[in-house]
Each structure stands twice: as C-alpha cells, then as structure tokens.
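Student: Below you will find the structure I want to go over with you.
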Amino acid sequence: EDERDNFRAALDFWRDCESENELKLVAALAPLWTFRGYLSEGIKRLDESLKRNPNAAPAVRAKALTWLGQLIWVKGDYVRAIQVCEEGLRLARQINYPIIAALALFVSGMSRWYQFGDAEQSIACLEESLSLYRRENYDSGIVFACVVLAAIYQTNGDLARAKRFLDESMTAARRTNNNLARSIALVNYGRLKFAEGDYRQAKRLCRESLRLREELSDRWGLAQCLEP
C-alpha cells in the first residue's frame with residue numbers, strides 16, 4: 001500500500017519500454033487491487049497491458065488473464081469474468097500451470113453461480129479447482145474453493161455437506177499464516193451457524209472475521225463480514 005505510487009511509476013516505465021515486465025508486474029499487483037478496492041484501476045491496467053503484450057510468455061498471459069477475471073468478478077460482470085477466465089484456463093492447461101488453472105476454474109465457478117444459479121456447472125468447476133489446490137498443497141486456495149462449495153450446498157439446503165466443506169476450510173486456514181483465508185473461513189462458518197439458528201456462535205465467528213478484515217483494510221471483506 002505504501003509503495004502504490006512507486007508501483008504505478010514502475011508500470012508506466014515498463015509500458016514506455018514496451019516490455020512484458022509491465023504485464024508481469026500488473027498481474028502480480030492484482031491481489032492488492034482486488035482486496036483494497038482499486039478495481040477500476042486494476043482492470044484498466046490489466047486490459048491495456050494484455051493488449052500491448054500479445055506475444056508475452058504464455059505463463060505471464062495466463063496469470064494476467066485469470067487475475068483480470070477475478071477483478072471483473074468482484075466488480076460484478078460475471079459473464080465477462082467467465083470469458084476471460086476460460087481464455088486463462090486454456091493457456092494454463094496448455095503449459096501445465098495448475099495454480100492458475102485452479103484460480104480460473106474457481107472464478108468461473110463463482111461467476112456461473114452468481115450469474116445463472118447453475119449449481120451443477122458451478123460445482124463441477126469448483127471441485128476441479130479444489131482438486132488442483134489439494135494436489136498443490138495450496139491451503140489458501142483450498143479455503144476459497146471450500147467456502148464457495150459450502151455456500152452453494154447451504155443455499156440448496158444441504159447443511160451437512162456444507163459443514164464438511166467448511167470444516168476442511170477451517171483446517172486449511174489454520175495451516176496458513178494468511179489472515180485473509182482465516183477470515184473467509186470464519187465468516188462462512190458464521191453463515192452456517194446462522195442457518196442452523198445458533199446466532200450467538202454466528203455473531204462470534206463473524207466478529208472475529210471482521211477483526212481480521214479490519215487489520216487487512218480489506219474493504220470488500222468488511223462488507224462481506226458486516227452483512228451476516
């Protein structure tokens with residue numbers, strides 16, 4: 001956050017040099033833009049850099065496309081998020097880049113659920129994403145995939161299956177030093193407790209999640225915690 005203007009200056013430098021380093025850096029900064037709420041800036045820079053670097057290495061383009069899809073999903077354009085992530089997924093599969101393939105499948109699964117309410121397609125994408133994250137021992141990804149799968153099953157009234165995924169998410173979150181992953185696991189467990197009628201436990205979990213999001217200055221996450 002403190003270096004944001006320096007990152008901008010670096011991006012402008014690489015843009016003027018017509019180097020794929022611009023695309024590498026803009027993709028690396030995508031999590032900052034996502035969770036601190038700089039969505040429009042991130043989408044604009046990724047879009048423009050992808051257009052300027054059509055011949056960048058496939059791994060660089062796959063990562064940039066997939067993170068662009070993530071930013072677009074947070075902004076709420078689910079149809080475009082699916083399209084962009086499908087292109088990222090195609091490249092990731094071609095070059096065997098499992099972490100980015102998992103992220104592309106994750107965003108596609110969420111987008112299909114939000115846009116179309118298509119549980120079958122969404123679950124298929126998310127379960128494939130989860131399988132890749134498990135194979136790579138990527139605990140933060142396991143948390144994210146599990147909580148969305150749990151949310152779908154919970155919405156469809158299958159609280160037992162939702163709990164199994166949330167239990168896995170909590171276990172994975174404890175293995176990380178990632179407070180974002182911990183917060184996401186906690187707030188979604190709070191939602192389950194709310195659905196079960198345990199309002200005291202739900203409130204405790206959501207408040208703990210909120211405390212972690214405040215430490216991270218995660219604007220999107222603050223709203224996600226306050227709503228339940």
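Student: Report, ordered by the first and then the second residue, all pairs with beta carbons closer than 6 Å, sequence separation of six or more or different chains, a first member in the range 40-60 that is without any contact (Cβ under 8 Å) to a residue 40 or more places away in the chain and more than 21 Å from Ala101 (Cα to Cα), and a second member that is surrounded by fewer than 16 Cβ atoms within 10 Å (Cβ to Cβ) and among the aliphatic types (A, V, I, L, M).
Tutor: So the pair list comes out empty.
Student: Within the range 1-10, how many residues turn out to be in a helix (DSSP H, G or I), in contact with a Leu (Cβ under 9 Å, 6 or more places away or on another chain) and open to solvent by 50 Å² or more (accessible area, probe 1.4 Å)?
Tutor: Number satisfying all stated conditions: 2.
Student: Continuing with the same structure: Provide a single number: the residues in the range 11-31 that are surrounded by fewer than 16 Cβ atoms within 10 Å (Cβ to Cβ) and part of a helix (DSSP H, G or I).
Tutor: Here the count works out to 6.
Student: Moving on. Applying the selection to the range 128-143, what residues are farther than 18 Å from Asn96 by Cα and either touching a strand residue (DSSP E or B) at 6+ places or on another chain (Cβ under 6 Å) or surrounded by fewer than 24 Cβ atoms within 10 Å (Cβ to Cβ) (or both)?
Tutor: Across the range 128-143, the qualifying residues are Asp139, Ser140.
Student: For Val74, state whether it is in contact with a Ser or Thr (Cβ under 7 Å, 6 or more places away or on another chain), open to solvent by 20 Å² or more (accessible area, probe 1.4 Å) and in a helix (DSSP H, G or I).
Tutor: yes
Student: Please find, among Asn96, Asn177, the residue that is in a loop (DSSP other than H, G, I, E, B), out of contact with any His (no Cβ under 9 Å at 6 or more places or on another chain) and modelled with pLDDT of 95 or more.
Tutor: Asn96
Student: Just give me the residues in the range 44-60 being buried (at least 23 other Cβ atoms within 10 Å of the Cβ) and either more than 8 Å from Leu23 (Cβ to Cβ) or not small (Gly, Ala, Ser) (or both), in sequence order.
Tutor: Scanning the range 44-60 gives Arg45, Leu46.
The values are calculated or read from the model by the stated rules, or taken from the named source; none is laboratory data. If you're wondering where the values come from, they're calculated on a predicted model, not measured in any experiment. Here Cβ is always computed from backbone atoms with ideal geometry, including for glycine, and neighbour counts include all displayed protein chains. In case anyone asks, the SASA skips ligands and DNA or RNA and just uses the protein heavy atoms, side chains included. Shrake-Rupley method; radii C 1.70, N 1.55, O 1.52, S 1.80 Å.
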